[in-house]
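Presented below is the structure to which this report refers.
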Amino acid sequence: MACLKMKKYSLWLVAAVAVTLIASCRTSKNAADTVSTATPPHASYVPATDVDTVCYAIGVNFGNGLRESMNNFPGGETNMKALKEGFLHAINSDTAQVMTAEAAQAYIQSFMMAIQQKDAAAEKEKGDRFLAEHRTAEGVITTESGLQYRILKQGDGAKPTAENQVQVHYTGKLLDGTVFDSSVERGEPATIPLTGVIAGWTELLQLMPVGSKYQVWIPSELGYGPQGSGQTIKPNSVLEFEVELLGIESGE
């Protein structure tokens, strides 16, 4: 199963790389040299040298990355004036700078952690509410662990054990319907060990006779938990799968 983050936090990486590269464009002849901001380049600006060109290119890359990130800025709308002031103070070693580099890094980390914790708590609340309401839906069976499933097709083959590998077709979705992984779309079944998947899958597969197709809703505790997985599966996400058990292979 593919392990799939969050694009909305990419702004900080873009900014960090840009600051490092732009700093390399400053002349080394005089450590006190500063970046001129009095007359910004106009639309017909033409770099005069290779160094001018690469510095301009870095600026273009930084601007494009920043523009793309602003719509998903964590915590609220981007304050471009504050960003510009901090950037210019740092690159010019301005005495008006109100944060050291260390303090700035610590604040960014603290801010991002608080945003991520808030998002994770909201996702957990949403998932718990869904599962509480969904357990009474027609055909839904809830196990002691909190796993919920519905039988779409009941096979008559053997059931796998935790020591087995199985061949399956599956489609994984978020609660909003976003597909994050699908062997069906790839057109090729997956062969997986029951001990090598999330706990919700290990439990479900041992309930299924070969030939069965189940729909399952996996609480975050039986999925990827507070860590999430990649860009798509947020921390504390409830996951929905359709799983068809095609066959059982002996354990390794």
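Things to note:
- Pairs exceeding 31 Å between alpha-carbon atoms, taken from 118/213; 84/118; 126/213; 124/213: 118/213.
- Net charge of neighbours whose Cβ lies under 13 Å from the Cβ of residue 167, counting Lys and Arg as +1 and Asp and Glu as -1: -3
- Scaled radius of gyration (Cα, divided by 2.2 N^0.38 Å) that the range 153-252 gives: 1.04
- The Cβ shell under 10 Å around residue 211 holds other residues with a net charge of 0, Lys and Arg each +1, Asp and Glu each -1.
- Value of D in µm² per second that Stokes-Einstein yields for the range 84-236, Kirkwood Rh from Cα pairs, at 10 °C (1.306 mPa s): 85 µm²/s
- Taking N as the residue count of the range 98-171, its C-alpha radius of gyration divided by 2.2 N^0.38 Å amounts to 1.94.
- Were the residues from residue 145 through residue 94 laid out at 0.36 nm apart, the gain over their Cα-Cα distance would be 12.6 nm.
- Ranking by accessible area, most exposed first, for 250, 229, 145 with a 1.4 Å probe: 250, 145, 229
- Gain on full extension, evaluated as 0.36 nm per residue between residue 54 and residue 154 minus their Cα-Cα distance, stands at 29.7 nm.
- Figure note: 83, 194 ranked by solvent-accessible area, largest first, 1.4 Å probe, ligands and nucleic acids not counted: 83, 194.
- Accessible surface of the range 36-166 [probe 1.4 Å, protein heavy atoms]: carbon and sulfur percent: 55 percent
- Gained length - residue 197 relative to residue 117, 0.36 nm times residue gap less alpha-carbon distance: 26.3 nm
The values are calculated or read from the model by the stated rules, or taken from the named source; none is laboratory data. Remember, predicted model here, so these are calculated numbers, not experimental data. Cβ atoms come from the backbone with ideal geometry, glycine included; neighbour counts cover every protein chain shown. For the accessible areas, the whole protein counts, side chains as well, though only heavy atoms, and no ligand, DNA or RNA atoms are used. Shrake-Rupley method; radii C 1.70, N 1.55, O 1.52, S 1.80 Å.
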